[in-house]
Amino acid sequence: MSKKQVFDLLLQICKENGLKVYFRHLRSDTAGQYDWEAKTIVVDFKLKGTKRGLCVFAHELGHHMDFKNGRFKKFFYSDRMKYTPQNMRMAMLAEQSASRFSKNFLEKHGIQNVYLEELDPTQLPWLIAFWKKNYFYQKTINK
């Protein structure tokens, strides 16, 4: 399938799942977002029509599929969890699951050489720092 056909298929799957999809300008460190409450996927506008954009789009759809299937409930139902090694592990597993979904989906439909940071062990230090900043709150000590 062409990139356009895969993009249209992703849109169709989103529509069938009641998801709205938007392409908007996001922060420089964010390529996409999934909001389970609003049932929306947002992909950075700069990525529209690119292979990277397909990867991000499918990754965010992977989060929806995990949510729909009851996986990583604590990850989805919490708004900035307290940082613990267990919660970091859950965030890492949720992100890697969405990336595996993306990679498998895209390769199944003819998009080859898919690269997702969450599946690259050399990227884990950067990703862990990003997740720690964006998914967790730090305990503050009152003196």
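Just one of the numbered conditions (1) touching a helix residue (DSSP H, G or I) at 6+ places or on another chain (Cβ under 9 Å); (2) farther than 23 Å from residue 127 by Cβ; (3) not hydroxyl-bearing (Ser, Thr, Tyr) is not true of residue 106: (2). Whenever a residue of region 130-143 is charged (D, E, K, R) and assigned to a helix (DSSP H, G or I), its partners that are modelled with pLDDT of 75 or more and surrounded by 10 or more Cβ atoms within 10 Å (Cβ to Cβ), lying with C-beta atoms within less than 8 angstrom and at least six residues away or across chains, give the pairs 132/83; 132/88. Does any residue in region 100-112 that is modelled with pLDDT of 95 or more and open to solvent by 30 Å² or more (accessible area, probe 1.4 Å) come within less than 7 Å, Cβ to Cβ, of a residue that is in a helix (DSSP H, G or I) and not aliphatic (A, V, I, L, M) six or more places away or on a different chain, and which pairs are these? If the second residue must be in a helix (DSSP H, G or I) and not aliphatic (A, V, I, L, M), the pairs left are 101/62. Against the list (1) at pLDDT below 90; (2) within 15 Å of the chain's Cα centre (by Cα), the condition residue 28 fails is (2). Among residues of region 12-29 that are farther than 13 Å from residue 46 by Cβ, those with a beta-carbon under 7 Å from a residue that is outside any helix (DSSP H, G or I) and basic (Lys, Arg) at least six positions away or on a different chain give the pairs 18/39; 19/39; 20/39. Could you list all residues from region 44-81 that are of a type in the set (Asp, Glu) and surrounded by 23 or more Cβ atoms within 10 Å (Cβ to Cβ)? Listed by number, the list holds a single entry, 60. Filtering region 16-27 to residues that are over 20 Å from residue 99 (Cβ atoms) and either β-branched (Val, Ile, Thr) or open to solvent by 80 Å² or more (accessible area, probe 1.4 Å) (or both) leaves 16, 20, 24, 25.
The values are calculated or read from the model by the stated rules, or taken from the named source; none is laboratory data. Being a predicted model, the structure only gives us computed values, none of them experimental. Don't worry about glycine lacking a Cβ; one is built from the backbone with ideal geometry, like all the others, and counts go over all protein chains shown. Just the protein is used for accessible areas: all its heavy atoms, side chains included, with ligands, DNA and RNA removed. Shrake-Rupley method; radii C 1.70, N 1.55, O 1.52, S 1.80 Å.
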